[in-house]
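Rule-based calculations on the coordinates, nothing more; no lab input. What you see is a predicted model, and the numbers here were worked out from it, not measured in a lab. Cβ coordinates were reconstructed from backbone atoms using ideal geometry, including for glycine residues, and neighbour counts include every protein chain displayed.
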């Protein structure tokens, strides 16, 4: 069995196969599809959002290691 993995968005119930793989599936009559969805907690979603979009603070200076432990 040949398997590929890729990230995709669902649009109106359709998942588009990336261009790089389309040629491998043009003649196929039937394929097996497995859909996986991450079960993330709301807190993880917020952390992921903040990591992707950090809050910018003017004049911010990170603490030094010895300052953290004082």
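Okay, here's what the table says:
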{"quantity": "Identified option (computed Cα Rg over 2.2 N^0.38 Å; candidates (i) 1.12; (ii) 0.96; (iii) 1.96)", "calculated": "(iii)"}
{"quantity": "Ascending count of other beta-carbon atoms within 10 Å, so fewest first, for 38, 45", "calculated": "38, 45"}
{"quantity": "Rough spin-label spacing in nm, given labels placed 7 Å along Cα→Cβ, for residue 67 and residue 34", "calculated": "4.9 nm"}
{"quantity": "Inter-site label distance for residue 56 and residue 16 at 7 Å from Cα along Cβ, in nm", "calculated": "3.1 nm"}
